[in-house]
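What follows is a set of notes on a single structure, which appears directly below.
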Amino acid sequence: KEVRTFIGTQKTGREIRRYFGGVGYGWSQDAIDGSLLALVAGGYVRAEKNGLNVRLKGISQAQIGVLEFYNEEQIITASQRIQVRKLIQEMELPVKSGEEMEAISRLLQRLQDLAGDAGGPPPLPERPSTALILDLQARTGNDQFVAVYEKRAELLAAHQKWTAAKGRIAQRMPRWDELQRLLTHAVDLPVYASVAAQVEAIRSNRSLLADPDPIEPLIDELTAALRAALQNARQQVINAREQELRSLQNTAEWARLADAQWQQIFAANRVGPVPELEIGTDDKLLSALDERPLRAWETEAVAVPSRMRKAREQAAKLLEPKAVRVRPRSKTLHSAAEVDAYLAELRGEIMEHVAKGHPVIL
């Protein structure tokens, strides 16, 4: 009691030794140190060094002089210790009997970290308030311990709620990112406007974690539209190729080259058979779209005629190495005289090559 009275708010071990070892008391250092250790063991006094709590078994007699000792206003009961240990265990943190005080800092940090993971920028909900956690972290010693005991139900509920939110975020954020990618690929499709409006509503309302899941129906809608659009775009390329192929089959070059030669020519000019699409899963659909977006398929269909012309030129070159390609100029003609002049000019260009012994490809 005398030691606690002298400690008041706070005293160093050196001050306590000097006081009780001096005039009026004359205690031995062992008696003074034993009193301090007994008070710490009983939870009546706490020891700190550089602002950090020092556990009883971490106190050596040699360092007592540099430690700071604080009176505890509240005394922890056995029942309180048991309930706090149970709380720590329910939060899946390791704790041994008698080490609950040290585990509280880990418990509060766990909650602080969970709060940071339980929300975020839109479309996530705002991060939950940690005012209670900050208040508890600002406390020390038995005061903190008892406050945690009194708030144990609230702390456990927060842990469960924030853990569940963190889990849903881990599940839904990848799907949200996938939804953004799908939406980008669907920008030219009729489905885009309605889905984009719903996506913006999820973002502005921060409702990514709402139940039922607002993302899956939108992903289903987009993937169905994109699969249909991809298949249709592929068919357009096939149709363009087949049309050009029919024209090519009516040329003199077609029958004079073997199938293997034509396959090489088609491959070199990127007009070979159109490969099947592998879009059975959402991941494969996105991979296919990333590799060749819908607009690229449209460009592909438009490019087929010119590529087929180049393929025919290559075939003609194989058959007639000296052949020359003549491309008639694009021109608007208004009269028979203009037509005659245009044809005469074209004939002159052709005959110039023929006169030199070069076959002409038109």
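The values are calculated or read from the model by the stated rules, or taken from the named source; none is laboratory data. Every value quoted in this text rests on a predicted model; they were computed, and no experiment measured them. Positions of Cβ are backbone-derived with ideal geometry, glycine not excepted, and every protein chain shown enters the neighbour counts. Keep in mind that these areas ignore ligands, DNA and RNA; they rest on the heavy atoms of the full protein, side chains included. Shrake-Rupley method; radii C 1.70, N 1.55, O 1.52, S 1.80 Å.
For the reader, a short list of remarks on this structure follows.
- The set of residues from region 212-245 being more than 13 Å from TYR192 (Cα to Cα), touching a helix residue (DSSP H, G or I) at 6+ places or on another chain (Cβ under 6 Å) and not acidic (Asp, Glu) comprises PRO214, ILE215, ALA233, GLN236, VAL237, ALA240, ARG241.
- Identity of the residue in region 125-148, open to solvent by less than 50 Å² (accessible area, probe 1.4 Å) and not hydrophobic (A, V, I, L, M, F, W, C), that ends up farthest from GLN10 (Cα to Cα): PRO125
- Close pairs (7 angstrom Cβ cut-off, 6 or more residues apart or separate chains): touching a residue at least 60 places away in the same chain (Cβ under 8 Å) and among the aliphatic types (A, V, I, L, M) in region 257-269, open to solvent by less than 70 Å² (accessible area, probe 1.4 Å) and in a helix (DSSP H, G or I) anywhere: LEU257/ALA315
- Note on region 36-77: residues that are under 30 Å from LYS161 (Cβ atoms) and among the small types (Gly, Ala, Ser) amount to 0.
- Region 149-172 - residue that is surrounded by 16 or more Cβ atoms within 10 Å (Cβ to Cβ) and among the aliphatic types (A, V, I, L, M) and, of those, farthest from the chain's Cα centre (by Cα): LEU155
- Screening the candidates ALA233, ALA252, ALA288, ALA240 for the property of being open to solvent by 60 Å² or more (accessible area, probe 1.4 Å) and among the small types (Gly, Ala, Ser) yields one hit, ALA252.
- Among (1) free of Cβ contacts under 8 Å to residues at least 24 places away in the same chain; (2) loosely packed, with under 11 Cβ neighbours inside 10 Å - the single one LEU362 does not satisfy: (1)
- Applying the criterion of being charged (D, E, K, R) and without any contact (Cβ under 8 Å) to a residue 60 or more places away in the chain to the residues of region 101-129, the residue that is farthest from MET173 (Cα to Cα) is GLU102.
- Yes/no for ALA225 being surrounded by 12 or more Cβ atoms within 10 Å (Cβ to Cβ) and part of a helix (DSSP H, G or I): yes
- GLU352 being surrounded by fewer than 16 Cβ atoms within 10 Å (Cβ to Cβ) and more than 19 Å from GLU253 (Cα to Cα): yes
- Cβ-Cβ under 8 Å pairs, at least 6 apart or on other chains, region 309-322 side at pLDDT below 80, far side among the basic types (Lys, Arg): LEU319/ARG256
- In region 304-329, the residues that are open to solvent by 50 Å² or more (accessible area, probe 1.4 Å) and more than 26 Å from GLU242 (Cα to Cα): PRO321, LYS322, ARG329
- With respect to (1) crowded, with 17+ Cβ neighbours inside 10 Å; (2) within 29 Å of GLU313 (Cβ to Cβ), the lone exception for ASP282 is condition (2).
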